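> Just dropping this structure here.
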Amino acid sequence: MSSNSAVRDCAQVIVAAIAAHGDDGAALAPGIRAALATLMREPDLLDRGIAREGNNVAFSRYLYYDGELSILIYEVPKGRTIPPHDHGIWETLSVYRGRLRHVVYARTDDGGVPGVADLRVADDRVLERGDFAIVTPPADIHSFTALDDGTYGITVVNGAYKAERHYYDPAAGTYEVRAGRNVR
C-alpha cells in the first residue's frame with residue numbers, strides 16, 4: 001500500500017472479506033487483521049480522516065466511511081475505562097499506539113429481567129500496538145481501559161450500531177439502556 005491509498009486499500013480488502021464471509025467474525029478476523037496490520041504501519045493516521053462524534057471518546061475520526069463500512073481512529077485517555085457495553089453488530093478493536101486492557105464478557109442470564117444482567121469474563125488481556133480483537137453478537141459485550149498516554153485505537157464496523165445500547169455494571173449485576181450519540 002502506498003501512503004496515499006493505504007486507507008482505501010485496507011477498506012477494499014475488508015469489503016472483500018465481508019463479501020466472502022458475511023458476519024462470521026471468526027472467518028472475517030484473519031483478513032481484517034492483515035489489512036489493519038498494513039494500515040497501522042502508516043505513521044500519520046491521526047492527521048487523516050474527518051471528525052466524527054464518538055460514543056465514548058472525545059477524539060474520533062472516520063478514516064473511511066462508505067455508508068456501510070466504517071474504519072475509525074480514536075483516542076482513549078490514560079486511565080479512562082470505557083464501561084462494558086454492547087453493539088448489536090460485530091466490531092474490531094486494534095491498537096494503533098499505546099496499550100489497552102480489553103475485557104470481553106459473556107452474558108450468562110437469559111435476559112428475562114429488565115435492568116439485570118449476569119456477566120462473566122470471557123477474555124481479559126492487554127492489547128499492544130498492532131494487537132487485534134473482534135467482538136460479535138451475542139458475545140459483543142466488552143470494555144477497555146487505556147494504560148498509556150497517547151493510546152489510540154482503530155475500529156472497523158460494518159453497518160450501524162444499535163440505537164439503544166446496554167451499558168453494564170458487572171459487579172452490581174445490572175445494566176442501563178442508553179441511546180448512542182452516533183450509530184455509525
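The values are calculated or read from the model by the stated rules, or taken from the named source; none is laboratory data. Worth saying up front: this structure is predicted, and the values here are computed from it rather than measured. Ideal geometry is used to build each Cβ from the backbone, glycine not excepted, and the neighbour counts take in all protein chains shown. Please note that ligands, DNA and RNA were not included when accessible areas were found on the heavy atoms of the full protein model with its side chains. Shrake-Rupley method; radii C 1.70, N 1.55, O 1.52, S 1.80 Å.
> All but one of (1) among the charged types (D, E, K, R); (2) open to solvent by less than 60 Å² (accessible area, probe 1.4 Å); (3) out of contact with any strand residue (DSSP E or B) (no Cβ under 9 Å at 6 or more places or on another chain) hold for Asp110, so report the exception by its number.
Answer for Asp110: the failing condition is (2).
> Give the residue that is least open to solvent (accessible area, probe 1.4 Å), with candidates limited to residues of the range 32-67 that are at pLDDT 90 or above and of a type in the set (Phe, Trp, Tyr).
Here the answer is Tyr62.
> Evaluate the range 119-126: report whether one residue or more is open to solvent by 20 Å² or more (accessible area, probe 1.4 Å) and part of a loop (DSSP other than H, G, I, E, B). Please lay out each step first, then the result.
Initially, the range 119-126 is screened for residues open to solvent by 20 Å² or more (accessible area, probe 1.4 Å), giving 119-126.
Then drop every residue that is not part of a loop (DSSP other than H, G, I, E, B), which leaves none.
So far as the range 119-126 goes, no, none of its residues is open to solvent by 20 Å² or more (accessible area, probe 1.4 Å) and part of a loop (DSSP other than H, G, I, E, B).
> Looking at Val104 and the list (1) open to solvent by 40 Å² or more (accessible area, probe 1.4 Å); (2) in a strand (DSSP E or B), which single condition is not satisfied?
Unmet condition: (1).
> Scan (1) under 26 Å from Asp148 (Cβ atoms); (2) in contact with a Phe, Trp or Tyr (Cβ under 8 Å, 6 or more places away or on another chain) for the single condition Ala117 breaks and write down its number.
(1)
> Tell me whether the range 84-95 contains one or more residues that are more than 29 Å from Gln12 (Cβ to Cβ), assigned to a strand (DSSP E or B) and touching a strand residue (DSSP E or B) at 6+ places or on another chain (Cβ under 6 Å).
yes
> Here's something else I'd like to know. Is it the case that the range 68-81 has a residue that's of a type in the set (S, T, N, Q) and within 13 Å of the chain's Cα centre (by Cα)? Outline the logic, then answer.
Taking the range 68-81 first, the residues of a type in the set (S, T, N, Q) are 70, 81.
From the residues that got through so far, the ones that are within 13 Å of the chain's Cα centre (by Cα) too are 70.
Yes, because at least one residue in the range 68-81 is of a type in the set (S, T, N, Q) and within 13 Å of the chain's Cα centre (by Cα).
> Next question, about the same structure. Mind checking which pairs have a first residue in the range 107-124 that is touching a residue at least 60 places away in the same chain (Cβ under 8 Å) and a second that is outside any loop (DSSP other than H, G, I, E, B) and of a type in the set (Val, Ile, Thr), Cβ under 6 Å, 6 or more apart or different chains?
Matching pairs, first to second residue: Gly115/Thr174.
> Next question. Return the pairs, sorted by first residue and then second, in which the second residue is assigned to a loop (DSSP other than H, G, I, E, B), the first residue lies in the range 154-174 and is without any contact (Cβ under 8 Å) to a residue 24 or more places away in the chain, the beta carbons are less than 8 Å apart, and the residues are 6+ apart or on different chains.
Taking only residues 6 or more apart or on different chains, the pairs are Ala163/Gly180; Ala163/Val183; Glu164/Gly180.
> Please indicate, with yes or no, whether at least one residue in the range 142-152 is in contact with a helix residue (DSSP H, G or I) (Cβ under 8 Å, 6 or more places away or on another chain), assigned to a strand (DSSP E or B) and among the hydroxyl-bearing types (Ser, Thr, Tyr). Let's see the steps before the verdict.
In the first step, residues of the range 142-152 are kept if they are in contact with a helix residue (DSSP H, G or I) (Cβ under 8 Å, 6 or more places away or on another chain); the result is 152.
Filter once more, keeping what is assigned to a strand (DSSP E or B): 152.
Imposing the further condition that a residue be among the hydroxyl-bearing types (Ser, Thr, Tyr) reduces the set to 152.
Yes.
> Among the residues that make up the range 137-152, is at least one of them surrounded by 20 or more Cβ atoms within 10 Å (Cβ to Cβ), at pLDDT 95 or above, farther than 23 Å from Leu46 by Cα and among the aliphatic types (A, V, I, L, M)?
The answer is yes; a qualifying residue exists.
> Continuing with this model, one more query. Among the numbered criteria (1) part of a loop (DSSP other than H, G, I, E, B); (2) under 30 Å from Ala117 (Cβ atoms); (3) open to solvent by less than 50 Å² (accessible area, probe 1.4 Å), which one does Ala29 miss?
(1)
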